[in-house]
Every structure is written in C-alpha cells, then in structure tokens.
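One structure is given here, and the rest of the page talks about it.
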Amino acid sequence: MSAFRISTRAGYTLIPASLPRVARPYSSAAPSFEHITVSTPKPGVGLITLNRPKALNALFTPLGLELGDALRRFEKDDSIGATVITGSEKAFAAGADIKEMKDKSFADAYGRDFIQMWTDFVHATKKPVITAVNGYALGGGCELAMMGDILYCSKGARFGQPEIKLGVLPGMGGSQRLTRAIGKAKAMELVLTGDNFTGAQAEQWGLAAKVFETPAECVDGAIATAEKIASYSRIAVKAAKEAVNKSQELGLRDGYDHERTLFHGLFGSKDQKIGMTAFANKEKPQWSHE
Ligand code: DAK
C-alpha cells in the first residue's frame, strides 16, 4: 500500500495514501509538534490537524501554543495562500479542557486572561482559514470552528455550546458568533439549553457554508476550496476577507465606505493590472501577489 509521511514529534508517521488529508510534511525547518500535525496537501494550502485523540482534541494550553505557532508560520510563508484547520473523524474539538480549567480562580481566568490566545491568533491571521468540522465541536471547539472564515462540516458533526451545563457560558465568542450566524431565536435556545445540533442543521441555519456526506469528503472539500483561494492574488484575497469581516463589525454605511476604500486601494496593486490585462488578452493571470 502506498503511503505518505506527516510530521510528528517523533519524526514522521506513515499513513495510508487513501486518507484524504495526507500530504507532504510542512517545511523541515518547522518544529515537530506534539498535539497537532502540519502539512501542505496542495500547492498554496496549509493543513493543521488537531491531534490529541485521547482527550477528543480538548483545547489545552500546549495545543493552543502549537496551533498559534503553526498559524503564524503559514501567515509568514509566501507560498501559502489559505489554511485548513481540522480534527479527527470523532472530534474537531470537544471544548476547552475542563480538567485544565476546573480549579482556576477568578484571578487566573480574568487576571491572566488564559483563553485570550485562542482569539488572538485567529484575529491576527490575514490569510483565509477554513475549518473542516467532523465529530464533536463543542464549547470552545464550536467557537474555534466559528472563528474560521469559512466553515465546512460533515452531516454527522455534532456542534454545541454546552457551557451552561458546567455552570458557565461561552467565553471565546460563541454567544456572539453563533447569534450573528443563525439569529437570536435559535442561538438563545442553544446557549441556554446546551443542546447539540448536527452538521446538517449547521448548514441549513447558515453556520456552515457546505455540508458533506462523510468526514473525508469534508476535509477534501476544504482543501479544494483552500487551493482555489490560494490560486488568486494574495493581496486581493486579503482585502476581500477584510471587507467581509468588517460587515460583522461596522454599520452598513461605514461598511460600504470601507469596502470602497479597499477597492480603490487595489488599483495601486500590480495584481489589479495583471488580472484585468489578462482578462482583456484572454490569458490566465500570473499573479505577483503585490
Ligand atoms: N476537556 C477535557 N477532557 C475531555 C473533554 C474536555 N472538554 N472532552 C472529552 N474529554 C476527555 C474525557 O474526559 C475522556 O478522557 P478519559 O476519561 O479517557 O481520560 C476522553 O476525552 C474521552 O471522552 P469520553 O469518554 O467522555 O467520550 P464519549 O464519546 O463518551 O463522549 C463527549 C464524548 C464529547 C460527549 C464527552 O466527552 C463530553 O461531553 N465532553 C465535554 C464536552 C463539553 O462540555 N465541552 C465544553 C467544555 S467548556 C473561557 C472561554 C471559553 C471556555 C472556557 C473559558 N474564558 C474566557 C476564560 C470554553 C469552555 C468550554 O469549552
């Protein structure tokens, strides 16, 4: 059976070629990670796979540090145009690590803002991030999935914000992002009951951009979309992501103005000339990413 290599702390692991997310390992200069694997499955695509199977990818600090490190490396790497974050078939992530946080004091939580890094690195990522969700995406796992720019999932994925059952509430943006995505009526019901919802419902309600039959198709679909995005001008993609994200923060009038400013600004880029000239000449654009 043919096989590919992926990087792990121990070096490289052979995995069967039939699995969808196999790929050449990411740069040999990259560190070996213990709780994630990192690879480049297609040109321009970075793939980060959460890999803490015994705890269903529960989000604890060491995993967060590795995820932040990998995202920063892809962000700085000119050959990467978009990143996919995924987990296993059983769990994207079953939430923040309850065992890590159960004894924290108010001073630990508020004073040291221990969860801050989870939101910081996603906000700092200007290149698009696609989250490919299979299995459980609960609590902080659901919130991490929603932090991506595009969310894909398989039908059987299990989303939820069950924090209410633990005596707390969502703390990584869940009450805000879920409400903006699916509306107050459903979000309020889900946050107050802690009930799960399926991948099929996530797509019906507008949280997921696409739903797939199987986990493998979900990861493949996310990689294909990332590859397509990576084939465009990086500078135009960055501006387009910024414009759409601003729509979640600004009023409509300010949003129009911000979009127009970005649009006008792109006329100062080489890629605007390259793209429009190529269209006029019936050629394929060769982007400079400048
Ligand atoms: N944390 C730690 N360990 C977890 C975990 C989690 N969230 N989820 C699962 N595990 C561990 C289990 O303890 C178990 O470990 P061992 O007992 O084998 O050592 C292993 O993963 C397998 O789990 P199960 O045996 O429970 O597997 P099942 O298939 O039976 O059940 C399940 C799967 C996902 C339904 C179940 O594990 C479950 O209910 N897990 C907890 C889900 C949950 O409540 N998630 C929300 C966590 S709260 C903050 C901001 C945000 C947050 C916190 C602070 N600030 C701003 C300060 C976020 C909070 C959350 O996410």
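The values are calculated or read from the model by the stated rules, or taken from the named source; none is laboratory data. Remember, predicted model here, so these are calculated numbers, not experimental data. Reconstructed Cβ throughout: ideal geometry from the backbone, glycine too, with neighbour counts over all protein chains shown. Each accessible area value is taken on the protein alone, full model and side chains, heavy atoms only, with ligands, DNA and RNA left out. Shrake-Rupley method; radii C 1.70, N 1.55, O 1.52, S 1.80 Å.
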Just for region 112-125: of the residues that are of a type outside the set (S, T, N, Q) and loosely packed, with under 14 Cβ neighbours inside 10 Å, which one is nearest to the ligand (Cβ to nearest atom)? 113
When every residue in region 251-287 that is touching a residue at least 40 places away in the same chain (Cβ under 8 Å) and farther than 18 Å from residue 128 by Cα is compared, the one least open to solvent (accessible area, probe 1.4 Å) is 275
Test for residue 131: is it under 30 Å from residue 235 (Cα atoms) and open to solvent by less than 50 Å² (accessible area, probe 1.4 Å): yes
Of residues in region 239-286 being in a loop (DSSP other than H, G, I, E, B) and under 25 Å from the mean Cα position of the chain (by Cα), the one farthest from residue 125 (Cα to Cα): 250
How many residues are among the acidic types (Asp, Glu) and out of contact with any Asp or Glu (no Cβ under 9 Å at 6 or more places or on another chain) when one looks only at region 260-285? 1
Selection over region 95-111 where residues are open to solvent by 70 Å² or more (accessible area, probe 1.4 Å) and more than 11 Å from residue 55 (Cβ to Cβ) yields a count of 5
Could you say whether any residue in region 82-101 is more than 23 Å from residue 200 (Cα to Cα) and more than 9 Å from the ligand (Cβ to nearest atom)? yes
Which of the strands (runs of 3 or more DSSP E) contained wholly in region 148-204 include at least 1 residues that are away from the ligand (no atom under 12 Å from the Cβ) and in contact (Cβ under 8 Å) with a residue 60 or more places away in the chain? 150-154
Only one of 187, 145, 137, 181 is open to solvent by less than 30 Å² (accessible area, probe 1.4 Å) and farther than 24 Å from residue 88 by Cα; which? 187
Looking only at region 43-62, and only at residues there that are open to solvent by less than 40 Å² (accessible area, probe 1.4 Å) and away from the ligand (no atom under 11 Å from the Cβ), the one that is nearest to residue 100 (Cα to Cα): 50
Per the filter on region 210-250, residues open to solvent by 60 Å² or more (accessible area, probe 1.4 Å) and in contact with a strand residue (DSSP E or B) (Cβ under 6 Å, 6 or more places away or on another chain) are 210, 227
Members of region 126-140 found to be in a strand (DSSP E or B) and more than 13 Å from the ligand (Cβ to nearest atom), listed by number: 129, 130, 131, 132, 133
If residue 76 passes every condition in (1) loosely packed, with under 15 Cβ neighbours inside 10 Å; (2) away from the ligand (no atom under 12 Å from the Cβ); (3) in contact (Cβ under 8 Å) with a residue 24 or more places away in the chain but one, which one does it miss? (3)
